[in-house]
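One structure is given below, encoded as structure tokens.
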Amino acid sequence: MDVDAIVAGGGPGGAAAASLLAQAGLAVLVLEKAQFPRQKACGGCLSPKVLSLGLDVEEVIEDVIEEAVFAAPGETAITYRSHTPLAYMVRRERFDQLLLNRAEEMGARVLYGYRVLQAREIAGGVEVVSDRGTFRAPLLIGADGALGATVRSFRRPRPRIALAMDARLSGADGAHAAWRGKVLIDFGGVPFGYAWVFPTACDLSTGVLGAKKRVHRLRGYLDRFLERQDLTCGSKTVSGWPLPYPAWSLRPVIGRRVLLVGDAAGLVDPFTGEGIYYALRSGLLAAKAIAEGGRRRAKRYQQLIRDAFEQDLRGASLLAALIHRAPGWSFRALRRHPGAIEAFVSVLIGRLSYAAFLRKVAQGVFAAGWRGLAGLKSEG
Ligand SMILES: Cc1cc2nc3c(=O)[nH]c(=O)nc-3n(C[C@H](O)[C@H](O)[C@H](O)COP(=O)(O)OP(=O)(O)OC[C@H]3O[C@@H](n4cnc5c(N)ncnc54)[C@H](O)[C@@H]3O)c2cc1C
């Protein structure tokens, strides 16, 4: 099979890259281990940034969020209402299928049920061994996740990871109706993370996310959270998956022929766990760098990724360190400081950068003093 690029993994990152490459007239082969539609552990929450990518995904949006409830154990919850959408809810089985269908419509060849086992550089290209045959191409896009075969084949150091667990609640009709159009973000119940309730058209995604080193039994946090929220009715499908933390310096390229996108490149917001936007955008940037051609495409991709994400992901790491270390204190600061919750929501929906938010926090701290800002002692 004569192809210009192989894409390992047909999630959002792989599908976005394959679509744009095929649209640019390149011959693309996607190797996807699953049969679609497949379930994926995910909250299915898209920030408005995703829609700004122009991918036309409106047909699979199942709920539009205009209210966010922020909570922390022992604290009065903060409810934030907006006149513009704060987020969009999808189910991954439909969202991912739509994107991969689009890639096929653009001309990409997708082989479902092909698991990549190993990849290596050979003269003039890359050789990819799957459980159903070996393929060669001048370029490989690794879109098969943080601990996927691409990353493992090239012996990249394992990223630091967070653990996330999603419990899909079906048949919880009363609870589902109560959560239409709004989300709950609950800080402090999980070490270095949070718990959530997100609605879709027919069920609720609930879940927990926490730093791997700090959480010992994620399922226990999830069960306690569901009990606290009185979400114990209906049937529940639980699945978990690791989420990579981004490196301080992003390195999404291996050699000159392997470009990593999405989770494989460690592109996940370390504060929110948002990864779909980063997967889509990095997929598009990888395709752009390749389609522009030239010997420097890998370097160009590296630069595009650093320009697009590095500052912001560093800011997100700093904010995560601040809020997850002292969730109660941060929560009270958000409630007491005028304008803080608006600024915080603006960061979550991508209207304000993390760097700008942190500058505001620093200005507030200097203006009010640490105690004045929160009115309370730090949790230390
Ligand atoms: C519980 C949980 C909740 C989350 N909630 C959200 C959320 O609400 N919003 C958000 O933005 N992000 C969320 N994320 C993060 C988000 O799911 C990921 O960041 C995103 O899916 C990354 O996209 P990707 O294309 O890089 O990888 P993936 O979506 O993981 O896709 C990788 C694809 O590669 C395939 N694959 C894997 N290995 C191989 C192989 N060896 N050979 C061939 N194919 C292979 C897989 O089948 C899959 O289709 C959540 C993550 C978890 C774990």
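The values are calculated or read from the model by the stated rules, or taken from the named source; none is laboratory data. All values reported here derive from a predicted model rather than from experimental measurement. Methodologically, a virtual Cβ is constructed for each residue, glycine included, from the backbone with ideal geometry; neighbour enumeration extends over all protein chains shown.
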Filter segment 144-159 down to the residues that are under 15 Å from K33 (Cα atoms) and more than 10 Å from the ligand (Cβ to nearest atom) and list them by number. none
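Residues being part of a loop (DSSP other than H, G, I, E, B) and closer than 20 Å to R155 by Cα: count how many of those fall in segment 247-271. Steps first, answer last, please.
Pass one, segment 247-271, residues part of a loop (DSSP other than H, G, I, E, B): 247-252, 255-257, 261, 266-271.
Now restrict to residues that are closer than 20 Å to R155 by Cα: 247-252, 255-257, 261, 266-267.
Total satisfying the criteria: 12.
Looking only at segment 32-54, which residues are near the ligand (Cβ under 9 Å from one of its atoms) and either within 17 Å of R91 (Cβ to Cβ) or touching a Leu at 6+ places or on another chain (Cβ under 6 Å) (or both)?
Filtering segment 32-54 for residues near the ligand (Cβ under 9 Å from one of its atoms) gives 32-34, 36, 38, 40-47, 50.
Hits for segment 32-54 are A34, F36, R38, K40, A41, C42, G43, G44, C45, L46, S47, V50.
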Top-ranked residue in segment 6-31 [being away from the ligand (no atom under 15 Å from the Cβ) and among the small types (G, A, S); ranked as surrounded by the most Cβ atoms within 10 Å (Cβ to Cβ)]: A22
Does A162 satisfy the condition of being under 26 Å from the mean Cα position of the chain (by Cα), closer than 21 Å to A15 by Cβ and at pLDDT below 95? no
Some residue of segment 53-68 being under 17 Å from the mean Cα position of the chain (by Cα), small (G, A, S) and not assigned by TED's automatic domain parsing to the domain that holds G350: no
How many residues of segment 189-239 are within 11 Å of the ligand (Cβ to nearest atom), part of a strand (DSSP E or B) and among the hydroxyl-bearing types (S, T, Y)? The answer is 3
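Among the residues in segment 109-128, are any part of a strand (DSSP E or B), closer than 30 Å to S346 by Cβ and either away from the ligand (no atom under 16 Å from the Cβ) or not aliphatic (A, V, I, L, M) (or both)?
Kept after step one, since they are part of a strand (DSSP E or B), are these residues of segment 109-128: 109-112, 116-122, 125-128.
Among the residues that remain, those that are also closer than 30 Å to S346 by Cβ are: none.
No, segment 109-128 contains no residue that is part of a strand (DSSP E or B), closer than 30 Å to S346 by Cβ and either away from the ligand (no atom under 16 Å from the Cβ) or not aliphatic (A, V, I, L, M) (or both).
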Output the qualifying pairs, or none if there are none: Cβ atoms under 9 angstrom, residues six or more apart or on different chains, first residue in segment 19-33 and among the hydroxyl-bearing types (S, T, Y), second residue within 16 Å of the ligand (Cβ to nearest atom) and part of a loop (DSSP other than H, G, I, E, B). S19/L55; S19/A108
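Would you mind stating whether D186 is in a loop (DSSP other than H, G, I, E, B) and under 22 Å from V69 (Cβ atoms)? Give the steps one after another, and end with the answer.
Working: in a loop (DSSP other than H, G, I, E, B): no; under 22 Å from V69 (Cβ atoms): yes.
The answer is no for D186.
Where in segment 272-364 are there helices (runs of 4 or more DSSP H), lying fully within it, with 2 or more residues that are within 22 Å of the chain's Cα centre (by Cα)? Outline the logic, then answer.
Values: elements: 276-292, 297-305, 311-325, 327-336, 340-348.
By residue number, 276-292, 297-305, 311-325, 340-348.
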